[in-house]
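*Asks:* A single structure is presented below for examination.
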């Protein structure tokens, strides 16, 4: 079995800072010896500001921590075909 892929869960806001992030659920990998306790959320800033000090931020949060620190805003938007303009 291959490792599970992250599943997009939508746009969230960090409660303490108001920063908006896209969140992805990462299920544990049974074949690697992980358990349900290893399930987590991966976050990526909504806006990736370029430059030396602002290349965007990401995070990895255990489920319980994520639910305490982030509030749901909206579901993920459907992805279009890569390379095609809207």
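The values are calculated or read from the model by the stated rules, or taken from the named source; none is laboratory data. Computed from a predicted structure; not experimentally measured. Using ideal geometry, Cβ is built from the backbone for each residue, glycine included, and neighbour counts are taken over all protein chains shown.
*Asks:* Failed condition for residue 56, given (1) loosely packed, with under 15 Cβ neighbours inside 10 Å; (2) in contact with a strand residue (DSSP E or B) (Cβ under 8 Å, 6 or more places away or on another chain); (3) at pLDDT 90 or above, with all others met?
*Replies:* (3)
*Asks:* Still on this structure, I have one more. Enumerate the pairs (first residue in the range 1-14 and on the phi > 0 side of the Ramachandran plot; second residue anywhere and in a loop (DSSP other than H, G, I, E, B) and surrounded by fewer than 15 Cβ atoms within 10 Å (Cβ to Cβ)) with beta-carbon separation below 8 Å, excluding pairs fewer than 6 apart on the same chain, so at least 6 apart or on different chains.
*Replies:* 10/75; 10/76
*Asks:* Take the residues of the range 28-45 that are touching a residue at least 24 places away in the same chain (Cβ under 8 Å) and within 10 Å of the chain's Cα centre (by Cα): which is nearest to residue 18 (Cα to Cα)?
*Replies:* My answer is 45.
*Asks:* Of everything in the range 1-15, what is in a loop (DSSP other than H, G, I, E, B) and at pLDDT 95 or above? Give them in sequence order.
*Replies:* 15
*Asks:* Which ones in the range 16-44 are under 17 Å from residue 59 (Cβ atoms), in contact with a strand residue (DSSP E or B) (Cβ under 8 Å, 6 or more places away or on another chain) and not in a strand (DSSP E or B)?
*Replies:* Scanning the range 16-44 gives 19, 39.
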